[in-house]
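Worksheet: the structure to be examined is printed underneath.
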Amino acid sequence: MKILMITILTFIFCNINAQSIDNNFNNFKKNQFNNSLNENIYVTKEPGHFTCEQWRHKIDSVWGTGASTTTKLQVFDRFWNLIDTVFACFHNHPVSWDSLKKVYRPEIAGGVSRGRFIAIMNHIVLALKESHTHVLDFGLNTTLRAGVPLLVLGGWYDNGHFGAGLTPLPDSSLLVYSVVPLHPLGLQKGDIVLGYDGVPWRILVRELIECELPIKLISWIGSSPSAYNHSLLMSAGMNWHLFDTIDIVKGATGDTLHFSTAALRNQNMQIFCTEQMDIPGISKPNYNAEQMCTYGILPGTNIGYIYVWGWWGPNVEMEFYNAVQALMQTQGMIIDFRFNDGGNMNLSDAGLSLLFDTTVTTIDMGKRCSPNHQQMCPLNIPFAYYIPGASPGYNKPIAILTGPGAVSSGDQVALRMKYHPHSRFFGKSTAAAFNAPFEYGYSGYGLLLAEADAYKLSNPGTYLTHTEFEVDENVWLSQNLVRQGRDDVYEAAKHWIDSVSVGISVQNSEMPLKFSLKQNYPNPFNPTTKIKFEIPSLNIGANLNIKLAIYDLLGREVSVLVNEKLEAGIYEYSWDGGSFSSGLYFYKLESDNFTETKKMLLLK
């Protein structure tokens, strides 16, 4: 039976029925914690680095036979067919969907255990690498205990099983950025988790996926390649129950130590993890109380800071509006979306209307309209996906902090801020789940399924799920600053706002090696676009004559963005074409011994 009746109406999709649909997503997440505990799990072996055959034996022995083979086949066929016919995110991610059926259905028909069946369903869905799309056995006991063969993926929300939050470093080791007091392993901020039993986690997690353990999602997996890898890596600590020893590098000494995971058993640890360090003077939201947004002014500055942890709950629309309104007189804003678990993107409208000086159209949604996995039909929503801006707007720098912890409407509202002419993005790609999920149930099993995907109105036919969300400055938490209780992403954003000059959107401390004129963004545009260029450091202390100008098709100069001496650095200017006619324009960067011209298209 379909739990959520789906009618593809403009009204439903203008909100993506956001409250009810994202409630489905939240309900799925809650079911990961609140599954029935009416089974007696008895594990006869200690955890360890097992082979796939050994894991398969443990999976079969822990949960028993379960439903009949007939029922399992019915569930498989129903869910596989639903995905085959309505899943909206096959594009940008090649997967041999038919071959999965050919491999797994005969195995199920031959008889599999309850644990093996849900593992098959988990891994079929995992092959889609889509944040919203999950399958659950609602009656399966997913309590995490030593030796129980459950693979935990994700690392946001409650990490009490491990007592610390981990975030990936560039070498794929895991940095402790948050930890409970008196941790059983003596963990401190700045320590590094390498893996278990002498094997790096980056290798172990791939082995566990290959061995097809049943999956327990404590949050979500990323839909972009980088966010997917991020979510696999950050789950290292939550999987200690599968191994004997954990390998840790102490941040204070650099010593590599090997602790027994037995010290983590039967601990009562509470910690809520978001990959955000504490920012001085700014309180974080109270998620459990459904407070999604908090704000303040950074001490000793006139820079505003806003956290938004979700677009749901009874008060988030007014919370966000009040935050923006209170900070309109600041010299700059930082809006932190690094953790944002979605909801109704339109609850951001009121606050965004203060930031934008004109109404801006952004996206539409498409759905499957053919057995062809790639063929989509736009929904042509007439009024939902625009930003209702109004003069005067906020014409000062806005730093947007993003990361894989922003999902669903967390993705969408971050994307909306891309259209602000004074925004700059810091951090990592969001989850890139630019779609809408619906929930199905059958015979004690549930399927959450992405049935609509977003595309930019400026680029119809190119759907966004699975694509990387581009940031301007790729920066993440580092061991050095975390040990000091400092946040690299926040500090990079604040440094940018502090260094902004009049008329210049950004100047980066990294010195370019050569001249470069970038393609404007967005393109096509209406009415504003950004133009970025780089000036190399040719002579220490020497400034260069720089001119950046706009020309029409006849070669007439219609606007000059800069004509002065500039020092080496990375610059970004905005051009407002609101008073100009639609059509093709050129922009040219000129300096001593350098000139480059590019095209851009104004569409009204």
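Tell me, what is the Rg over Rh of segment 149-275, with Rh the Kirkwood radius over Cα pairs?
0.92
Percent of Cα-Cα pairs per 5 Å bin, from 0 to the last occupied bin, for segment 54-143, please list those.
3, 12, 25, 25, 18, 12, 5, 1
Using the Kirkwood radius over Cα pairs, work out the Stokes-Einstein diffusion coefficient for segment 369-464 at 20 °C and 1.002 mPa s, in µm²/s as a whole number.
135
Net charge near H466: determine it from the other residues with C-beta under 11 Å of the C-beta of H466, scoring Lys and Arg +1 and Asp and Glu -1. Don't skip to the end; give the middle numbers.
Numbers: positive: K129; negative: E130, D453, E468.
Surrounding charge for H466 is -2.
Would you kindly find the accessible area of T274, with a 1.4 Å probe and non-protein molecules such as ligands, DNA and RNA excluded, rounding to the nearest 10 Å²?
10
State log₁₀ I(q)/I(0) for segment 308-354 at q = 0.14, 0.18, 0.28 Å⁻¹ as given by the Debye formula over alpha-carbon point scatterers of equal weight, solvent excluded.
So the normalised log intensities are -0.32, -0.52, -1.12.
Sort all Cα-Cα distances of segment 230-338 into consecutive 5 angstrom bins from zero, then give the percent of pairs in each bin up to the one containing the longest distance.
Going out from 0 Å in 5 Å bins, segment 230-338 shows 2, 9, 15, 15, 14, 10, 11, 10, 8, 4, 1, 0 percent.
Could you pull out every residue, at least 5 positions away or on a different chain, whose amide H is within less than 5 Å of the one on G195? Hs are placed 1.01 Å off N in the peptide plane, and Pro or chain starts have none.
Here W201, D247 satisfy the definition.
Evaluate segment 270-312: find the radius of gyration of its Cα atoms, find its Kirkwood radius, and give the ratio Rg to Rh. Each step should come with its number before you reach the end.
Working: Rg = 11.2 Å, Rh = 11.3 Å.
My calculation puts Rg/Rh at 0.99.
Find the centroid of the Cα atoms in segment 267-343 and in segment 407-447, then give the distance between the two in whole Å.
For segment 267-343 versus segment 407-447, the Cα centre distance is 18 Å.
For N268 and T361, what does the FRET efficiency come to when R0 = 56 Å and r is the distance between their Cβ atoms, rounded to the nearest 0.05?
0.65
Pull out the extension gain between I209 and Q484, defined as 0.36 nm times the separation in residues minus the alpha carbon to alpha carbon distance; nm, one decimal. Please report the intermediate quantities before stating the final value.
Values: separation 275, 0.36 × 275 = 99.00 nm, distance 3.53 nm.
Here the answer is 95.5 nm.
Per residue, how much accessible area does the chain have with a 1.4 Å probe, in Å²?
Here the per-residue accessible area is 38 Å².
Between segment 161-215 and segment 549-604, how far is it from one alpha carbon centroid to the other, in angstrom?
48
Which angle between 0 and 90 degrees, to the nearest 10, do you get for helix 225-234 versus the longest principal axis of the chain when only C-alpha atoms count?
50
If the cut-off is 24 Å between C-alpha atoms, which lysines fall inside it for K58, apart from same-chain ones fewer than 8 positions away?
Counting by Cα, and skipping residues close in sequence, K58 has these lysines nearby: K45, K72, K216.
For segment 127-133, in order, what is each residue's ³J(HN,Hα) by Karplus, 6.51 cos²θ - 1.76 cosθ + 1.60 with θ = phi - 60°, in whole Hz (x at glycine and Pro)?
Per-residue couplings from phi come out as 4, 7, 6, 10, 4, 7, 9 Hz.
What is the sum of charges around D255, taking Lys and Arg as +1, Asp and Glu as -1, for the other residues whose C-beta is under 14 Å from the C-beta of D255?
Working: positive: K250; negative: D191, D247.
In short, -1.
Suppose every K and R has +1 on its Cβ and every D and E has -1 on its Cβ; what is the size of the dipole of the chain about the Cα centre, in Debye to the nearest 20?
That gives a dipole near 740 debye.
Hey, what D do you get for segment 82-133 in µm²/s if you plug the Kirkwood alpha-carbon radius into Stokes-Einstein at 25 °C and 0.890 mPa s?
Values: Rh = 12.0 Å.
Using the Kirkwood radius from Cα pairs, D works out to 205 µm²/s.
Would you mind giving the three semi-axes, in whole Å and largest first, of the ellipsoid equivalent to segment 220-291 according to its Cα gyration tensor?
Numbers: eigenvalues 137, 69, 52 Å².
Each semi-axis is √(5λ); the values are 26, 19, 16 Å.
Could you tally the net charge around I124, taking each other residue with its Cβ under 15 Å from the Cβ of I124, Lys/Arg +1 and Asp/Glu -1? Walk me through the numbers before you get to the answer.
Details: positive: K72, R78, K101, K102, R105, R116, K129; negative: D77, D84, D98, E107, E130, D137, E210, E212.
Overall, the nearby charge balance is -1.
With the calculation restricted to Cα positions, what are the radius of gyration and Dmax of segment 144-188 in angstrom?
Radius of gyration, then largest Cα-Cα span, for segment 144-188: 11.7, 30 Å.
Long-range amide H contacts for G165: which residues qualify at under 5 Å (H placed 1.01 Å from N, peptide plane, sequence gap of 5 or more or a different chain)?
Excluding prolines and chain starts, which carry no amide H, the hits are Y177, S178, V179.
Quick one: pull the percent of accessible area on the chain belonging to carbon and sulfur, 1.4 Å probe, ligands and nucleic acids left out. Mind dumping the intermediate values first?
On the way: 11670 of 23180 Å².
Of the solvent-accessible surface of the chain, carbon and sulfur hold 50 percent.
Quick one: of the DSSP bridges fully inside the chain, what percent are antiparallel, nearest 5?
Close to 80 percent.
In square nanometres and to one decimal, what's the mean projected area of the convex hull around the Cα atoms of the chain? All intermediate terms of the calculation are to be shown ahead of the outcome.
On the way: hull surface 113.8 nm².
If I average the Cα hull's projected area over directions, I get 28.5 nm².
How about K588: which lysines have a C-alpha closer than 19 Å to its C-alpha, ignoring those fewer than 8 places off in the same chain?
Here the lysines satisfying the reach criterion relative to K588 are K514, K518, K530, K532, K547, K565, K598, K599.
In segment 420-502, if every C-alpha pair distance is counted and binned at 5 Å from zero, what percent goes to each bin?
3, 11, 13, 14, 14, 12, 12, 9, 7, 3, 1, 0, 0
Using modelled backbone amide H atoms (1.01 Å from N, in-plane), which distant-in-sequence or interchain residues come within less than 5 Å of V562's amide H?
L548
Using only Cα positions of segment 100-199, each an equal point scatterer, no hydration layer, compute I(q)/I(0) via Debye at q = 0.14, 0.19 Å⁻¹ and quote the log10 values to two decimals.
-0.75, -1.10
The values are calculated or read from the model by the stated rules, or taken from the named source; none is laboratory data. These figures come from a predicted structure and were not determined experimentally. In this analysis, Cβ positions are derived from the backbone assuming ideal geometry, glycine residues included, and neighbour counts consider all displayed protein chains. Just the protein is used for accessible areas: all its heavy atoms, side chains included, with ligands, DNA and RNA removed. Shrake-Rupley method; radii C 1.70, N 1.55, O 1.52, S 1.80 Å.
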